1. Being among the aliphatic types (A, V, I, L, M), part of a loop (DSSP other than H, G, I, E, B) and either modelled with pLDDT of 95 or more or on the phi < 0 side of the Ramachandran plot (or both) is the requirement here; does A287 meet it?
2. Using the structure shown, decide if D29 is within 17 Å of I286 (Cα to Cα) and at pLDDT 95 or above.
3. Which of the following residues is within 15 Å of the chain's Cα centre (by Cα) and either more than 22 Å from L285 (Cβ to Cβ) or without any contact (Cβ under 8 Å) to a residue 40 or more places away in the chain (or both): G236, G160, G126?
4. Against the condition assigned to a helix (DSSP H, G or I), away from the ligand (no atom under 13 Å from the Cβ), closer than 26 Å to T26 by Cα and touching a helix residue (DSSP H, G or I) at 6+ places or on another chain (Cβ under 9 Å), how does F277 come out, does it pass?
5. Given the criteria of a type outside the set (A, V, I, L, M), more than 16 Å from the chain's Cα centre (by Cα) and within 15 Å of the ligand (Cβ to nearest atom), does S269 qualify?
6. All but one of (1) surrounded by fewer than 24 Cβ atoms within 10 Å (Cβ to Cβ); (2) more than 16 Å from the ligand (Cβ to nearest atom) hold for A139, so report the exception by its number.
7. Looking only at the stretch 202-251, count how many residues are within 12 Å of the ligand (Cβ to nearest atom), surrounded by 24 or more Cβ atoms within 10 Å (Cβ to Cβ) and part of a loop (DSSP other than H, G, I, E, B).
8. Please name all residue pairs, on different chains or six or more residues apart, with Cβ atoms under 6 Å, provided the first residue is in the stretch 294-316 and is among the small types (G, A, S) and the second residue is in a helix (DSSP H, G or I).
Amino acid sequence: MNPFQELPYSRGDAVADDGPLPDLLTFADGAPVRTADDWARRRAEIADIIIPLEYGGMPPALPPEATDVELVHGKANASRRFGIEGVWQDLYYVEVSGGEAPLRFTLTLWTPSGDGPFPVVLNGDGCWAYLSDATASEALRRGFAVASFNRCEIARDRDGTRDRGIYAAFPGEYGAISAWAWAYHRAYDALLRLPKLDAGRVAITGHSRGGKTVELAGATDTRIAAVGDNNSGCCGFGCNRVRGEGCERIADITRVFPFWFDKGFAAWSGREAELPFDQHFLAALIAPRPLLFAVAHGDLWSNPVGACETYRAVLPVYRLLGAEEKFGIVFREGGHGHLTGDWARFLDFSSQAMA
Ligand code: GTR
């Protein structure tokens, strides 16, 4: 039994149900998916359906050598800040070459005491204030290094303006969520170059739009060892077809944030039943690697009922791959937020699941 498997809602709790989800374990031509080899082919099929239609594709894949790191300030003593002996802070510029314009973002790294190699928790929500010192301490105390960047340095979270950041360097039709997910890949490339880190144990976590982002980042880069999706809701873990009371729909999200998605995605507004995919397609791309959905009962906008349905639809894939224990879903009371307790649970889950 998976201790991280809480499923408090059933499909009957939904206030709207647009019918069956496209089956993950059936190929588009109707053939069944029976083995791990079959799944590898089905996985590619699924990625080709959801990623272009919803997120507008991805920016170009780059080899790790395209990303360089420059130490801006090294070894600042952070022991007092976190109340933990031997913690150091290093500040880096991450520079991505190969584009039409220079592209750079800042990465902060805190390492615990010791020689490592340390597992890493990587978070790109630096535009927000959720990664408090108390939160980082939870990670450092568990022996994780903490790496933090601001995804909005790569693509602004403001409007559809595409004249700077990644859109100037690598022009394309992809939406901001894809750009942010790509930034996680470049941050991973940067971590590869830094001493004392365990490249095989890099866990990523993000909240809300940042949760949608980490799911897509994990779905499109198998080097990422674990994904913590916190309160992602619509276009993250929320099921489009199975909707709980007061949840966000495609029509809502594409009206306010059209630039997060493919230009054509808004056309599915009110047509959820016809979508050739649902959000279980995205989560399934992460299997068999560890994935945790963290849901808040009071965050109705993020569709807790639909999160359970997405979970139920993806679980058979983890089972097929013999990794049921690596797929979790947890609930807490309260509303929208990436709280210290949410991080602590993801750190416990991922240290166990990445072991
Ligand atoms: C909301 C948006 C949600 C979620 C949230 C957030 O306004 O409708 O899908 O992304 O923002 O990122 O906090």
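The values are calculated or read from the model by the stated rules, or taken from the named source; none is laboratory data. Values in this document were obtained by computation on a predicted structure and should not be read as measured data. Virtual Cβ from ideal backbone geometry, glycine too; neighbours counted across all protein chains shown.
1. The answer is yes for A287.
2. Numbers: within 17 Å of I286 (Cα to Cα): no; at pLDDT 95 or above: yes.
Answer is no for this residue.
3. None of the others qualify; the one that does is G126.
4. Details: assigned to a helix (DSSP H, G or I): no; away from the ligand (no atom under 13 Å from the Cβ): yes; closer than 26 Å to T26 by Cα: yes; touching a helix residue (DSSP H, G or I) at 6+ places or on another chain (Cβ under 9 Å): yes.
No, not satisfied.
5. yes
6. The one condition A139 does not meet is (1).
7. The number of residues fulfilling the criteria is 7.
8. These pairs meet every condition: A294/D342; A313/H280.
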